[in-house]
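> Can you keep this structure in mind? I'll have questions shortly.
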Amino acid sequence: QVQLVESGGGSVQAGGSLRLSCAASGSTGSIYFMGWYRQAEGKQRELVARISVNGNTLYADSVKGRFTISRDNYKNTFDLQMNSLKPDDTAVYYCNVVAIPSSNYWGQGTQVTVSS
């Protein structure tokens, strides 16, 4: 079992920046993917960014060049730095880990609101 606790989020004007953090505890040695998803009102949850245990990253096309995912393997934390935010980035953001064998764990979600 893995437990995730998110922090960060909030409200910002377009063009601004926010940083989200997620702390993992429990069976963290079994984690091989850490990522961030978001769900806007009335839309399906979508992958924003993901990082593997080896440091390989994957980004949604809509956030490439603006968002950066990073992880600290010693502290079992991972962050999402969000720059040049747009109103379309408004959503509830969830941190996620995939652990051996193929279990998904989710954070509680944090609201990000970008005003124009």
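> Of all the residues that make up segment 59-79, how many are in contact (Cβ under 8 Å) with a residue 12 or more places away in the chain, within 12 Å of the chain's Cα centre (by Cα) and over 17 Å from Ala14 (Cα atoms)?
8
> Still on this structure, please answer the following. Do we have Leu47 as surrounded by fewer than 16 Cβ atoms within 10 Å (Cβ to Cβ), modelled with pLDDT of 95 or more, touching a Lys or Arg at 6+ places or on another chain (Cβ under 7 Å) and in a strand (DSSP E or B) here?
Working: surrounded by fewer than 16 Cβ atoms within 10 Å (Cβ to Cβ): yes; modelled with pLDDT of 95 or more: yes; touching a Lys or Arg at 6+ places or on another chain (Cβ under 7 Å): no; in a strand (DSSP E or B): yes.
Taking the combined requirement at face value, the residue does not satisfy it.
> Hey, can you tell me all the residues within segment 51-93 that are in a loop (DSSP other than H, G, I, E, B), out of contact with any Leu (no Cβ under 7 Å at 6 or more places or on another chain), surrounded by 13 or more Cβ atoms within 10 Å (Cβ to Cβ) and at pLDDT 95 or above?
Arg66, Asn83, Ser84, Lys86, Thr90 - these are the residues of segment 51-93 that are in a loop (DSSP other than H, G, I, E, B), out of contact with any Leu (no Cβ under 7 Å at 6 or more places or on another chain), surrounded by 13 or more Cβ atoms within 10 Å (Cβ to Cβ) and at pLDDT 95 or above.
> If you take the residues in segment 1-12 that are closer than 12 Å to Cys95 by Cβ and open to solvent by 50 Å² or more (accessible area, probe 1.4 Å), which one is farthest from the chain's Cα centre (by Cα)?
First, the residues of segment 1-12 that are closer than 12 Å to Cys95 by Cβ: 2-9.
Remaining after also requiring open to solvent by 50 Å² or more (accessible area, probe 1.4 Å): 3, 5, 7.
Values: Gln3: 15, Val5: 11, Ser7: 10 Å.
Within segment 1-12, the match that is farthest from the chain's Cα centre (by Cα) is Gln3.
> Mind listing whichever residues of segment 18-44 are over 20 Å from Leu58 (Cα atoms), open to solvent by 60 Å² or more (accessible area, probe 1.4 Å) and not acidic (Asp, Glu)?
Once the filter is applied, which keeps residues that are over 20 Å from Leu58 (Cα atoms), open to solvent by 60 Å² or more (accessible area, probe 1.4 Å) and not acidic (Asp, Glu), segment 18-44 yields Gly29, Gly42, Lys43.
> Select from segment 1-32 the residues that are assigned to a strand (DSSP E or B), within 24 Å of Ser102 (Cβ to Cβ) and either aliphatic (A, V, I, L, M) or free of Cβ contacts under 8 Å to residues at least 40 places away in the same chain (or both) and list them in ascending order. Lay out the reasoning, then the answer.
As a first pass, look at segment 1-32 and keep what is assigned to a strand (DSSP E or B): 2-8, 10-13, 18-26, 31-32.
Those still in the list that are within 24 Å of Ser102 (Cβ to Cβ) too: 2-6, 22-26, 31-32.
Correct list: Val2, Leu4, Val5, Ala23, Ala24, Gly26, Ile31.
> Pull out all pairs, ordered by first then second residue, where Cβ-Cβ is under 7 Å, the residues are six or more apart or on different chains, the first lies in segment 90-103 and is touching a residue at least 12 places away in the same chain (Cβ under 8 Å) and among the charged types (D, E, K, R), and the second is open to solvent by less than 10 Å² (accessible area, probe 1.4 Å) and not in a strand (DSSP E or B).
From segment 90-103, no pairs qualify.
> Open to solvent by 40 Å² or more (accessible area, probe 1.4 Å) and at pLDDT below 95: is that true of Gly15 in this structure? Write out each step before concluding.
On the way: open to solvent by 40 Å² or more (accessible area, probe 1.4 Å): yes; at pLDDT below 95: no.
No.
The values are calculated or read from the model by the stated rules, or taken from the named source; none is laboratory data. Since we're looking at a predicted model, the values are computed, not measured. Here Cβ is always computed from backbone atoms with ideal geometry, including for glycine, and neighbour counts include all displayed protein chains. Heads up: the accessible areas ignore ligands, DNA and RNA and are worked out on the full protein's heavy atoms, side chains in. Shrake-Rupley method; radii C 1.70, N 1.55, O 1.52, S 1.80 Å.
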